[in-house]
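Inspection log for the structure reproduced underneath, given as structure tokens.
The values are calculated or read from the model by the stated rules, or taken from the named source; none is laboratory data. Small disclaimer: the values here were computed from a predicted structure and weren't measured. Note: ideal-geometry Cβ built from the backbone for every residue, glycine included; neighbour counts use all protein chains shown. The protein model used for the area step is the full one, side chains on, heavy atoms only, and it has no ligands, DNA or RNA in it. Shrake-Rupley method; radii C 1.70, N 1.55, O 1.52, S 1.80 Å.
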Amino acid sequence: MYEVMSADEAIRLIRDGDCICVNSFVGIENPVELHEALYRRYQRMQSPSHLTMISSAGFGVWDENRNAEGYIREGAVDRLICGHFGAMLSTKKLVLEDRFEAYNLPLGCISHAIRAQAGGLPGALSKVGLDIFVDPRKEGPGINRLSIDDSLVKYVEVDGEEFLYYKLPKITVALIKGTAADRKGNISFDDMFMSGDALSICQAVKANHGRVIVQVDRLVDTPSRPRNAIIPGCLVDAIVVVEPEERNEAYTALTGSFEIPYAQWSAWNEKIDTVSAKTRGNSAAGNIIGRRAAKELRVDDIVNIGIGIPEMVSRHARKNGMLDMVTLTVESGGIGGFPVSGEAFGAMIGAASVYDMANQFDLYDNGGLDICFMGALEVDRQGNVNAHRGPGAFAGIGGFANITAKTPTVVFCLTFDTKGLEVSQKKGTVTIEREGTVPKFVERVKSVSFSAARAIANGQKVLYVTERCVFRLTPKGLKLIETYPGVDVQRDILDRLPFEVEL
């Protein structure tokens with residue numbers, strides 16, 4: 001039977017050595033007060049300690065002094081297992097300093113492994129991750145020198161087919177953020193951007209005889225309608241009521257509490273950009289890439305668009321009239337709206353449906369998308385892509401590996417080089433004003449996020465769209481299939497590549 005208690009009381013339920021799973025998505029829907037209470041207790045008692053933390057998509061709030069950053073920095077956590085570390089500003093730096101064990105698994109594979117544990121299974125099989133960094137035959141999921149646990153990802157063969165087997169430690173504590181708890185302890189998510197892995201996490205914790213702690217905005221007398229109760233009260237141990245921070249109107253729109261017609265998507269997106277700390281760029285190179293990449297869209301396509309330069313695809317899809325003819329999706333579970341970026345990434349404007357994250361990755365893993373647009377840090381002569389690990393920096397693979405593993409058409413959106421690149425376009429003619437000092441096309445990528453050989457074997461169409469040309473993946477590597485007006489093939493492309501390409 002659940003109890004309503006303060007955050008400080010609830011955190012006493014956590015013991016040294018517990019494995020905590022946090023339901024959040026990059027920077028949204030974090031149970032901030034629970035994390036803050038855990039930090040207060042750790043500062044006072046040096047407990048709970050030796051914690052393992054698991055989150056499909058990470059649990060930061062873009063602030064190195066809030067949420068879990070403090071207690072991670074001061075030593076409460078021995079091991080982190082996350083799909084993405086981008087919003088964890090302090091933690092992602094400490095990972096590279098070998099301060100604790102840290103593992104990066106594809107976001108969807110963590111989500112599915114949680115669901116497997118909820119069903120009494122030790123792990124989940126997946127073809128996602130084969131031949132990229134997480135494959136133990138390559139690098140494995142460990143990020144730093146301390147991270148040598150080889151039990152999290154194993155290569156296996158079943159009925160003559162190869163898979164990766166993802167297995168998580170037994171989850172003993174759930175930290176969840178919901179909207180309201182009714183008098184039976186049922187938890188609704190009505191004012192949330194997503195529900196993520198919430199139900200699966202709670203089921204896994206109860207299967208392991210652990211404790212479920214839920215932070216909500218309010219208590220209500222009227223029981224939730226059965227379909228709206230994402231977490232049944234019988235799975236909840238502690239409910240912590242924390243009055244929510246006042247939310248700007250732009251962010252309120254993302255909860256789905258009122259309809260946003262297609263014609264208003266752009267206006268609401270501009271409102272969100274205005275109040276977001278992370279506004280989007282509007283570079284000439286990005287516009288060139290976005291405009292060209294958007295031409296790959298077809299009527300009725302089911303689509304995923306990554307963050308960064310790929311976001312320009314949606315702008316130009318709106319301009320050319322394709323945006324209302326396709327269905328956009330986002331990893332957190334949203335379908336049929338317009339994904340937002342910045343600190344609210346994971347939410348959607350005008351979503352038609354928002355379901356559990358594991359179900360979204362069922363769609364992605366089984367080739368349910370028609371096309372995806374992804375960014376890239378590096379591309380090598382074979383067409384392999386590194387999208388998760390830069391020099392001295394680490395954000396994580398996120399849903400990238402799941403999205404690109406089986407989608408029939410994969411479009412990588414990237415500049416030819418970076419750090420100083422200046423490009424202009426007038427009347428359709430592209431001029432390279434100044435080259436960047438850091439090449440994006442390299443002899444060999446530092447780490448593989450996308451396997452070209454695997455894509456060829458799967459029969460996927462793969463394009464690399466830049467601000468000056470387009471390459472296509474072939475069994476021999478990259479083939480130059482398009483050069484924009486104003487670009488000199490020899491000077492601006494071939495002479496700047498460290499390898500030969502097909503023409």
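Select from the range 139-148 the residues that are open to solvent by 40 Å² or more (accessible area, probe 1.4 Å) and touching an Asp or Glu at 6+ places or on another chain (Cβ under 7 Å) and list them in ascending order. Give the steps one after another, and end with the answer.
At the first step, the residues of the range 139-148 found to be open to solvent by 40 Å² or more (accessible area, probe 1.4 Å) are 139, 145-146, 148.
Within the range 139-148, Arg145, Leu146 meet the criteria.
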Which ones in the range 234-272 are open to solvent by 50 Å² or more (accessible area, probe 1.4 Å), among the charged types (D, E, K, R) and not in a helix (DSSP H, G or I)? Glu243, Glu245, Glu246, Arg247, Glu259
Quick one: what pairs do we get from the range 179-194, first residue under 17 Å from Asn30 (Cα atoms) and without any contact (Cβ under 8 Å) to a residue 12 or more places away in the chain, second among the polar types (S, T, N, Q) and assigned to a loop (DSSP other than H, G, I, E, B), C-beta under 8 Å, 6+ apart or different chains? none
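Would you call Arg218 surrounded by fewer than 20 Cβ atoms within 10 Å (Cβ to Cβ), out of contact with any helix residue (DSSP H, G or I) (no Cβ under 8 Å at 6 or more places or on another chain) and modelled with pLDDT under 95? Let's see the steps before the verdict.
Values: surrounded by fewer than 20 Cβ atoms within 10 Å (Cβ to Cβ): yes; out of contact with any helix residue (DSSP H, G or I) (no Cβ under 8 Å at 6 or more places or on another chain): yes; modelled with pLDDT under 95: no.
The answer is no for Arg218.
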Mind checking which residues of the range 375-404 are open to solvent by 30 Å² or more (accessible area, probe 1.4 Å) and modelled with pLDDT under 95? Arg389, Pro391, Gly392, Ala393, Ala395
Take the range 149-167 and flag every residue that is more than 16 Å from Ile110 (Cα to Cα) and either open to solvent by less than 60 Å² (accessible area, probe 1.4 Å) or under 23 Å from the mean Cα position of the chain (by Cα) (or both). Val156, Val158, Glu162
Breaking point among (1) more than 23 Å from Gly396 (Cβ to Cβ); (2) open to solvent by less than 10 Å² (accessible area, probe 1.4 Å); (3) at pLDDT 95 or above, for Val330: (1)
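Restrict the check to the range 349-366 and report whether at least one residue is touching a Phe, Trp or Tyr at 6+ places or on another chain (Cβ under 7 Å) and either open to solvent by less than 30 Å² (accessible area, probe 1.4 Å) or not in a strand (DSSP E or B) (or both).
Within the range 349-366, the subset touching a Phe, Trp or Tyr at 6+ places or on another chain (Cβ under 7 Å) is 349-350.
Filter once more, so that each one left must be either open to solvent by less than 30 Å² (accessible area, probe 1.4 Å) or not in a strand (DSSP E or B) (or both): 349-350.
Yes, the range 349-366 contains a residue that is touching a Phe, Trp or Tyr at 6+ places or on another chain (Cβ under 7 Å) and either open to solvent by less than 30 Å² (accessible area, probe 1.4 Å) or not in a strand (DSSP E or B) (or both).
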Say whether the condition of being assigned to a helix (DSSP H, G or I), more than 18 Å from Leu414 (Cα to Cα) and among the aliphatic types (A, V, I, L, M) is met by at least one residue in the range 324-333. yes
Any residue that is farther than 17 Å from Phe133 by Cβ, in a strand (DSSP E or B), open to solvent by less than 50 Å² (accessible area, probe 1.4 Å) and in contact with a helix residue (DSSP H, G or I) (Cβ under 9 Å, 6 or more places away or on another chain) - is there at least one of those in the range 367-374? yes
Given the conditions (1) of a type in the set (Phe, Trp, Tyr); (2) touching an Asp or Glu at 6+ places or on another chain (Cβ under 8 Å); (3) at pLDDT below 95, which single one is not true for Phe361? (3)
For Ser314, indicate whether it is of a type in the set (Ser, Thr, Tyr), in contact with a helix residue (DSSP H, G or I) (Cβ under 9 Å, 6 or more places away or on another chain), surrounded by 18 or more Cβ atoms within 10 Å (Cβ to Cβ) and at pLDDT 95 or above. no
State which residue is nearest to Asp370 (Cα to Cα) when the search covers only the range 332-351 and only residues that are touching a strand residue (DSSP E or B) at 6+ places or on another chain (Cβ under 7 Å) and not small (Gly, Ala, Ser). Ile335
Please find, within the range 405-421, the residue that is most open to solvent (accessible area, probe 1.4 Å) out of those that are touching a residue at least 40 places away in the same chain (Cβ under 8 Å) and over 18 Å from the mean Cα position of the chain (by Cα). Pro408
Can you report the number of residues in the range 168-180 which are buried (at least 21 other Cβ atoms within 10 Å of the Cβ) and closer than 30 Å to Asp131 by Cα? 2
Residue that is modelled with the highest pLDDT, among those in the range 224-233 that are part of a loop (DSSP other than H, G, I, E, B) and open to solvent by less than 60 Å² (accessible area, probe 1.4 Å): Pro232
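Given the criteria within 22 Å of Arg292 (Cβ to Cβ) and in contact with an Asp or Glu (Cβ under 7 Å, 6 or more places away or on another chain), does Thr483 qualify? Before the answer, list the steps.
On the way: within 22 Å of Arg292 (Cβ to Cβ): yes; in contact with an Asp or Glu (Cβ under 7 Å, 6 or more places away or on another chain): no.
When the stated conditions are applied, Thr483 does not pass them.
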Just to be sure I understand, how many residues within the range 111-138 are among the aliphatic types (A, V, I, L, M) and either open to solvent by 70 Å² or more (accessible area, probe 1.4 Å) or at pLDDT below 95 (or both)? 2
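What about Gln382, is it over 30 Å from Ala118 (Cβ atoms) and out of contact with any His (no Cβ under 6 Å at 6 or more places or on another chain)? I'd like the intermediate steps shown before the answer.
Working: over 30 Å from Ala118 (Cβ atoms): yes; out of contact with any His (no Cβ under 6 Å at 6 or more places or on another chain): yes.
Considered against the rule, which asks whether it is over 30 Å from Ala118 (Cβ atoms) and out of contact with any His (no Cβ under 6 Å at 6 or more places or on another chain), Gln382 comes out as yes.
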Scanning for something at positive phi and part of a loop (DSSP other than H, G, I, E, B), does the range 86-103 turn up at least one residue? yes
Hey, which of the strands (runs of 3 or more DSSP E) in the range 389-494, taking only ones fully inside, have at least 1 residues that are hydroxyl-bearing (Ser, Thr, Tyr) and in contact with a helix residue (DSSP H, G or I) (Cβ under 7 Å, 6 or more places away or on another chain)? 422-426, 477-483
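Taking the stated definitions as given, is Glu500 farther than 20 Å from Thr409 by Cα and surrounded by fewer than 18 Cβ atoms within 10 Å (Cβ to Cβ)? Can you show your working first?
On the way: farther than 20 Å from Thr409 by Cα: yes; surrounded by fewer than 18 Cβ atoms within 10 Å (Cβ to Cβ): yes.
When the stated conditions are applied, Glu500 passes them.
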Could you list, in sequence order, all residues of the range 7-18 that are open to solvent by 10 Å² or more (accessible area, probe 1.4 Å) and either in contact with a Cys (Cβ under 6 Å, 6 or more places away or on another chain) or within 15 Å of Thr172 (Cβ to Cβ) (or both)? Arg12, Leu13, Arg15, Asp16, Gly17, Asp18
